[in-house]
Amino acid sequence: MLALVATVRGDATTAFWWMAYTLFVDSIDGTLARAVGVKQVVPFVDGSKLDDIVDYFTYVIVPALFVIWMGLVPGAVAFPVTALVVIASGYGFAQAAAKTADHFFTGFPSYWNVVVFYLYVLGWPLWLNAAVLTILAIAVFVPLRYVYPSRTPTLRWLTITLACLWGAAILWTFVHLNDPPRAVVLGSLLFPIYYVGLSLYLHFAKAPRQSG
């Protein structure tokens, strides 16, 4: 909610700080819940369902409003593009195989806050931003398996370590958001590239065994 308030006020820096905070909380909340045995303490509460509701708001609704309010796409297509993002992500969260038993996300996981951050700092043409959002929204429906950073066992600690370094680079960029350090921004893209590359490798490496 605070990210929405900052967005409406035109304060991109504060909005991104709140989005980063929610990303940090989301990365540890499941681990903490399992550590203290929330299912045993409050068995009548479905933590996974609550987590999905919160994630849909923070990862989808907030970034979608940011795109419109900050004018990151052409005005003529702002509503159709963000509507596609919201609808596709609704499907992504609701599908039965959204998270697999072996800890992968199915389809593009709705990291729209991360996508929006890069669209904002890279300063690409608005039509290109719209194209990126559209392609990624369509990718939600493509049943590729994406790494769940904190739970996918393969190279988990390498992924977490790189994610921490990536997070430090992003926070440094927040501090200098009025004049983003181009080298830091471009260097930070190495982690998303690693993430997608590892996801594709694991997806296709497991596919033959699953088919068999």
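Taking all Cα pairs closer than 8 Å and separated by 6 or more residues, the relative contact order of the chain comes to 19 percent.
Each peptide in 17-27, 150-160, 58-68 gets a packing score, the mean of other Cβ atoms within 10 Å over its residues, and the list from highest to lowest is 58-68, 17-27, 150-160.
Of the residues Trp124, Trp69, ranked by 1.4 Å probe accessible area with the largest first, the sequence reads Trp69, Trp124. On the beta carbon distance between Cys164 and Ala76, with R0 = 45 Å, the FRET formula returns roughly 0.65.
Using +1 on the beta carbon of Lys and Arg, -1 on that of Asp and Glu, and nothing else charged, what's the dipole of the stretch 1-138 about the Cα centre, debye to 20?
The calculation lands at about 60 debye.
In this structure, Asp52 and Leu186 have a Cβ-Cβ separation that, at R0 = 30 Å, corresponds to a calculated FRET efficiency of about 0.35.
Computed over the stretch 79-188, the quotient of the alpha carbon radius of gyration and 2.2 N^0.38 Å is 1.18. Accessible area per residue for the chain, computed on protein heavy atoms with a 1.4 Å probe, is 55 Å². Computed extension length for Leu128-Phe141: 2.6 nm, one decimal, from 0.36 nm per residue of separation with the Cα-Cα distance subtracted. Rounded to whole numbers, the Karplus 3J(HN,Hα) couplings from phi for the stretch 127-134 are 5, 5, 4, 4, 5, 4, 4, 5 Hz, using 6.51 cos²θ - 1.76 cosθ + 1.60 with θ = phi - 60°, and x at Gly and Pro. Going by accessible surface with a 1.4 Å probe and the largest first, Thr7, Thr13 read Thr13, Thr7. Taking all C-alpha pairs of the stretch 38-125, those more than 18 Å from each other amount to 52 percent. At a Förster distance of 25 Å, what's the computed FRET efficiency of Tyr201 paired with Leu171, Cβ-Cβ distance as r, to 0.05? Rounded to the nearest 0.05, the efficiency is 0.30.
The values are calculated or read from the model by the stated rules, or taken from the named source; none is laboratory data. Because the structure is a prediction, the values reported are computed rather than measured. Here Cβ is always computed from backbone atoms with ideal geometry, including for glycine, and neighbour counts include all displayed protein chains. In case anyone asks, the SASA skips ligands and DNA or RNA and just uses the protein heavy atoms, side chains included. Shrake-Rupley method; radii C 1.70, N 1.55, O 1.52, S 1.80 Å.
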